[in-house]
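Here's the structure, in structure tokens; my notes come after.
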Amino acid sequence: MNPSENSKPGRKNSFNRFNWLYFALIALLLFTLLSGSYNPVKEISWLEFERNILSRHDVARIEVVNKEKANIYIKEDRLDDPKYEAVSKNIFGPNPGPHYALTIGSVETFETKLQEATKDFSPDQQIAVSYISSFDWSTVLAWLLPVGLIILFWFFMMRSIGRGGGGSSIFNFGKSTAQLLDKDRKSKITFADVAGLEEAKVEIMEIVDFLKNPGNYTKLGAKIPKGVMLVGPPGTGKTLMAKAVAGEAKVPFFSLSGSEFVEMFVGVGASRVRDLFKRAKEKAPSIIFIDEIDAIGRSRGKLQAFQTNDERENTLNQLLTELDGFGTNTGVIVLAATNRADILDAALLRPGRFDRHIYLELPNQQERQEIFKVHLKPLKLAENIDLKQLSAQTPGFSGADIANICNEAALIAARKSKDLVDWDDFNEAIDRIVGGLEKKSKIISPREKKIIAYHEAGHAVVSWFLKNTNTLIKVTIIPRGKSLGAAWYLPEEHQIITKSQFKDEICAALGGRAAEDLIFNEISSGALDDLEKVTKQAYNMVAYYGLDDKIGHISFYDSTGQNERLLEKPYSEATAKLIDEEVRKLVQEAYDRTKQLLATNRDKLESLAALLLEKEVVFEKDLEKIMGKRAIETLAETE
Ligand code: ATP
């Protein structure tokens, strides 16, 4: 057999299936076009007919069709007359007729007119009139053709959509698009690739064990969980963990994203859910992994009346039913991942459905070190890489951010044609990821540059002399991303933040504006980011953390996220006013304190600004030279 014959069986079949349709439609089109030229019947008016044909005794017979039209046949021997040249022949030879067609108002009028016109004719000159009714194909075709074309167009559309959606035709719409990984197609990721997350790994390994050795659990009467929800901020390794499960479990693993259920056609989502579970049960023991489940699992609430998506709800309902429907020991476990567990429907999270929740937090310093180790492995590194310092400099970074830093550092090193990736490349990568792209070409006037230098020096001096602020590592006035300069800190990781810490952070953020105010007696728009941060922090302190004396120990925070969708605030007008007043007071007090601190240290502020203007970047060592060693114990306590 010719191998090429077999190469695309699916395509060939679908082509055959549609062949007849194309040909039928093309034939229809040709027939309609040709039928006009096949018999050249000429439309004629009564007057012309009577004067030029009837009165000359050229008519052989008349045929009245469907009481609407009179077909006129000319005597054969008269067709040679030049005036009949146009109708005497058709494309196949002599035209047998009809040669002319006459539209008649009604049969009665036609008969009266004919009688009148032929009243002087001798009996053998009289004309035979026959009446027939016929089915007019051309009218039907005229209707069929556009309908046929529309159907053809629709088929084309559906086929291309079907292909785009992963299926080969429209008939595959309701089929699940899940990717299947099994012994033939294995995931290469193992638990060794997932760094940190020790507790989560233990939990998830247990799930794998449920599938492999269900007897150990069921013999004691335990029910095997049906659903496991991986919850955590973006980039914390949820998908990675699921891929590791696929690599380690050695059972068929169906993986798809929540959004793949939802199509533009109603009912497709539900049918895909059914199909997915059917396939998984056939291959049990197996695992289904639904990434970004919030795409379908969003809570169905009254509040969403404006934004309800029926199709999504149907899909969710079907998912709930399937989770309920399969028994506890059928050997199918559903893993799902989301970073918005708060918006998920409660029914999805209840025991019996996704009853196990595994939280993946942002990594702590130790875990970040582990993650760095995983991502540094494939890189060619210089000796001077300090893993500990790297992890200390990246608080709040997720696994994905760390992977990004490692890759970015390698790219920077490659751009500089280095043989090894060194410490400077990592620092540059962190700066770039945190601050954005360096923009040395940005045009800044000398006056603006001076303002920026004082602004950044203001942040630096204030944070240097406050007890509860992070260690400053460098100050720069090189524009990066949207910012024109920055003060870089080495943040400590806190689980809780005290009131004094909050207040000191607000002061440090206001340092830039206060410095501008003090030196130039004028403030600029450059403090936008700082003010945004300060305002949010102050509102959080007052309205959420219960840190304000007048508001008291009250929090308007709503962990369920319901309030976000409410149009009304959960407190009274009077409280709203009080919150606003307290926030204003808090920020004003912090501002006054900051300005005072800068006035006391004005000499240091000026020296630092001058050094910044000269060098553009000032590191910790130079900061120490200007402001003295930062001895936290001797710094004044926040009042
Ligand atoms: P999202 O919620 O946005 O989908 P996610 O939690 O699913 O994010 P992943 O896709 O799993 O995030 O992680 C993205 C990348 O980050 C991974 O491909 C991996 O390179 C890296 N990463 C994240 N966490 C870890 C980790 N614990 N160990 C090693 N690499 C990690």
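Structure above, values below:
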quantity	calculated
Residue list for segment 359-375, filter: within 11 Å of the ligand (Cβ to nearest atom) and out of contact with any Pro (no Cβ under 7 Å at 6 or more places or on another chain)	LEU360, GLU361, PRO363, GLU367, ARG368, GLU370, PHE372, LYS373, VAL374, HIS375
Filter result for the condition that a residue is more than 32 Å from the chain's Cα centre (by Cα), within 23 Å of SER500 (Cβ to Cβ) and not hydroxyl-bearing (Ser, Thr, Tyr), over ASP517, ASP530, ASP592, ASP603	ASP592
Yes/no for ALA270 being in contact (Cβ under 8 Å) with a residue 24 or more places away in the chain, within 16 Å of the ligand (Cβ to nearest atom) and open to solvent by less than 20 Å² (accessible area, probe 1.4 Å)	no
So GLU260, is it away from the ligand (no atom under 16 Å from the Cβ), in a helix (DSSP H, G or I) and open to solvent by 30 Å² or more (accessible area, probe 1.4 Å)	no
Residue list for segment 482-518, filter: surrounded by fewer than 23 Cβ atoms within 10 Å (Cβ to Cβ) and hydrophobic (A, V, I, L, M, F, W, C)	LEU484, ALA486, TRP488, LEU490, ILE496, ILE497, PHE502, LEU518
Flag for GLY526 being assigned by TED's automatic domain parsing to the domain that holds ASP592, open to solvent by less than 30 Å² (accessible area, probe 1.4 Å), more than 29 Å from GLU367 (Cα to Cα) and not in a loop (DSSP other than H, G, I, E, B)	no
Any chance PRO285 is away from the ligand (no atom under 11 Å from the Cβ), assigned by TED's automatic domain parsing to the domain that holds ASP342 and open to solvent by 30 Å² or more (accessible area, probe 1.4 Å)	yes
Close pairs from segment 47-63: first farther than 15 Å from SER88 by Cβ, partner open to solvent by 10 Å² or more (accessible area, probe 1.4 Å) and assigned to a helix (DSSP H, G or I), Cβ under 6 Å, at least 6 apart	GLU50/ALA117; LEU54/ALA117; HIS57/GLN125
Qualifying residue in segment 208-217 (condition: touching a Leu at 6+ places or on another chain (Cβ under 8 Å) and more than 7 Å from the ligand (Cβ to nearest atom))	no
Evaluation of ASP431 against (1) open to solvent by 70 Å² or more (accessible area, probe 1.4 Å); (2) outside the structural domain of GLU620 (by TED's automatic domain parsing) (one fails), failing number	(1)
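Table: residues versus (1) at pLDDT 85 or above; (2) at positive phi; (3) within 60 Å of the chain's Cα centre (by Cα); (4) open to solvent by 100 Å² or more (accessible area, probe 1.4 Å).
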residue	(1), (2), (3), (4)
GLU43	yes, no, no, yes
TRP46	yes, no, no, no
ILE62	yes, no, no, no
LYS67	no, yes, no, yes
ILE74	yes, no, no, no
PHE92	no, no, no, yes
ASN95	no, no, no, no
TYR100	yes, no, no, no
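A quick yes/no check of all residues on (1) within 15 Å of the ligand (Cβ to nearest atom); (2) farther than 19 Å from PHE289 by Cβ; (3) modelled with pLDDT of 80 or more; (4) not in a loop (DSSP other than H, G, I, E, B):
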residue	(1), (2), (3), (4)
LEU152	no, yes, yes, yes
PHE156	no, yes, no, yes
LYS188	yes, no, no, no
GLU203	yes, no, yes, yes
GLU206	no, no, yes, yes
LEU220	no, yes, yes, no
ILE224	no, no, no, no
VAL228	yes, no, yes, yes
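The values are calculated or read from the model by the stated rules, or taken from the named source; none is laboratory data. None of the values given here were measured: they were computed from a predicted structure. With ideal geometry, Cβ positions are generated from the backbone for all residues, glycine too; neighbour counts draw on all protein chains shown. Note: accessible area is taken over every heavy atom of the protein model, side chains too, but ligands, DNA and RNA are not part of it. Shrake-Rupley method; radii C 1.70, N 1.55, O 1.52, S 1.80 Å.
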